[in-house]
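Rule-based calculations on the coordinates, nothing more; no lab input. Values in this document were obtained by computation on a predicted structure and should not be read as measured data. Methodologically, a virtual Cβ is constructed for each residue, glycine included, from the backbone with ideal geometry; neighbour enumeration extends over all protein chains shown.
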């Protein structure tokens, strides 16, 4: 199926869905492969770490799935960033459910300072990838 714009006397810009011409293949959108590592994102590791710190600061106790949705990063990329932050005692597990995805994170006092520093470098908090500040 493909969409065309109608040019008749109907409502301006209305969309009409028509079947694809016989013998033509269905055209599917080409989507980029989801990043599985920080390196795959093409972003600087410090930028991704800062993004995670700022997102947790903005959300308080933040579920892993919420971080993934807000930052548009895979769980594996988030874990790659979160594990060192936990080891450095900037982030802690606030709550853990029955599955390894059912977790909430929060910043420690040290992590709060890190988030403030990250905000001083760049105020952006949102989906990755973006052009770093």
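For segment 114-129 versus segment 46-88, the inter-centroid distance based on Cα atoms is 12 Å.
So for segment 63-133, what percent of the C-alpha to C-alpha distances run longer than 14 Å? When every Cα pair of segment 63-133 is considered, 65 percent fall beyond 14 Å. Listed by Cβ neighbour count within 10 Å, with the fewest neighbours leading, 80, 44, 92, 98 appear as 98, 44, 92, 80.
In cubic angstrom, how much convex hull volume per residue do the alpha carbon atoms of segment 35-87 span?
67 Å³
Each of 54, 70, 61 was scored by other Cβ atoms within 10 Å of its Cβ. Arranged with the fewest first, they read 61, 70, 54.
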